[in-house]
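The values are calculated or read from the model by the stated rules, or taken from the named source; none is laboratory data. Quick caveat, the model's predicted, so the values are computed rather than measured. Here the Cβ positions follow ideal geometry from the backbone for every residue, glycine too, while neighbour counts run over all protein chains shown. We work out accessible area using only protein heavy atoms, side chains counted, and drop any ligands, DNA or RNA first. Shrake-Rupley method; radii C 1.70, N 1.55, O 1.52, S 1.80 Å.
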Amino acid sequence: MTAIDPRDTDVAHSPPAPSGANPEAEANAKADAEADAEADGGSVLGRRYRALTLGIVSVVSLIAFEASAVNTAMPVAARALDGVELYAYAFSAYFTASLFAMALSGEWCDRRGPLVPLFAGIAAFGAGLVVSGSAQDMWTFVGGRAVQGIGGGLVIVALYVLVGHAYPQRLQPAVLASFSAAWVLPVIVGPLVAGTVTERAGWRWVFLSIPVLILLPLAVMLPALRKVDRGEPSPAMNRRRILLALAVASGAGLLQYAGQDLAWVSLIPAAAGLALLVPCVLRLLPSGTFRAARGLPSVVLLRGIAAGAFLGAESFVPLMLVTERGLSATQAGLSLTGGGLTWALGSYTQSRPRLEPYRERLMTAGMLLMAVAIGLVPLALVESVPAWVVAVAWVIGGYGMGLVISSASVLLLKLSAPKEAGSNAASLQVSDALGNITLVGLSGVLFVGFGGGSVAAADHAGAAGAAAGTGHAGAFAAVYVAMAAVALVGVGVTTRLRPATGKP
């Protein structure tokens, strides 16, 4: 079962019919659903689907709001808990846990239907927010983020499976498009709301208030969820795929742990992490991925490079603006808002039919824009350069991401045989998660290695400005230079997206 980025609807597709399903019953159910859709005017907001659609969109919006809110509140939280050296770990722990949870959710959905993993994921997501919001030390905070990741991974896969079960095929693109639209408003208001709450009430309330908001979308869609056909269960879970994902997540976690303590004894968890990670990743990704073999392997590799480089740089932007330029949490968070909007614009641009012949060139341009954007960010470390250069840079980088991420999904389906589309799409998501885990972890290692872990803790949000000019410019610069270099590697990978045989 595939797991898909909520902002990426190009690879979304209905899940395959579970083994043992009754073809006649399935055909009758589909015919009934089509008839109901016609009666409602063929709209996802018609009488039959309105509550379910609004509930699903609300859940995605809350996940999006949490993502933008955490980016805003994290610098203050890390400094308050005296844990800036674990700053990157607080991000990568989420993605490490979600990688395992995505694989588990896919198999769980096939076995029991999407409702049980959906509610389990929502419960875990809320519990993780409470743990992080009430944490008294940074390791507890990181643990809460990992629990959030488990919840997020369970939820996002279950939502896509739910769309396949609850909506007729011709309405599914409209529902999936609403997933992307659900990110727009949170990207705009999330930093402002989270920054205001952080400065007025404290960073903890950014985390503790979101679980309460989850109750509303659940109440809206619960009656509709009870009517969803769960389908015939599959005979058993694919335990091999779950164990592979668990091994990858555990190996990545050990590597990140070793990277936070640059001592000889760290070689032990690092070696154990590599022993788990490397062989399992090779089984989860297409052959030739790590040597950028032409065609599909390079598409999968590029997705991880793009996602990881962008997030690896983005994670440290608010911290830099708060500690080096004295901006408030709100101002620092708002610097990323434009990137979210231009991401959507870039995705729209690549979808234009007349640009289809130039898709590979669009992806090259997108990676170049990302490299330029990340390379511009360190200019803000120079006091004479206005801090808004970061906002401009992220507008450029977001547009590049929109071009690359969605185009990679389109190319993946174009290069996949129908019977391989599902497993290849799953590989794309694995690459996405691994890119985030690896490159955010690398950013953290560089940041700590160049002395960034000694950024002074702040007593409260209002003290953000007092820490301006803390003298850790080299640590931040190391992160951005490295991520810009990774983006340039991605430019090279874009030259290998066409198969060697010349097939489309």
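Key figures for this structure:
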{"item": "Options S132, S105: the member that is in a helix (DSSP H, G or I), hydroxyl-bearing (S, T, Y), touching a Lys or Arg at 6+ places or on another chain (Cβ under 8 Å) and surrounded by 24 or more Cβ atoms within 10 Å (Cβ to Cβ)", "result": "S132"}
{"item": "Failed criterion for T364 (all others in (1) over 30 Å from A500 (Cβ atoms); (2) β-branched (V, I, T); (3) open to solvent by less than 40 Å² (accessible area, probe 1.4 Å) hold)", "result": "(1)"}
{"item": "Filtered residue count, region 325-351, keeping only those that are closer than 16 Å to L376 by Cβ, open to solvent by less than 30 Å² (accessible area, probe 1.4 Å) and either modelled with pLDDT under 85 or not small (G, A, S) (or both)", "result": "2"}
{"item": "G41, sole failed condition from (1) farther than 30 Å from P318 by Cα; (2) modelled with pLDDT of 80 or more; (3) open to solvent by 10 Å² or more (accessible area, probe 1.4 Å)", "result": "(2)"}
{"item": "Filter result for V142 (crowded, with 23+ Cβ neighbours inside 10 Å, closer than 21 Å to A247 by Cα, aliphatic (A, V, I, L, M) and touching a Leu at 6+ places or on another chain (Cβ under 7 Å))", "result": "yes"}
{"item": "Criterion: outside any loop (DSSP other than H, G, I, E, B), closer than 30 Å to A344 by Cα and at pLDDT below 80 - qualifying residue of P223, P217", "result": "P217"}
{"item": "Tabulated pairs, region 72-101, first outside any helix (DSSP H, G or I), second hydrophobic (A, V, I, L, M, F, W, C) and at pLDDT 80 or above, C-beta under 6 angstrom, 6+ apart or interchain", "result": "L81/M138; L81/F141; G83/M138"}
{"item": "Which listed residue is open to solvent by 10 Å² or more (accessible area, probe 1.4 Å), small (G, A, S), in contact with a helix residue (DSSP H, G or I) (Cβ under 7 Å, 6 or more places away or on another chain) and more than 24 Å from A344 (Cβ to Cβ), from A127, A201", "result": "A127"}
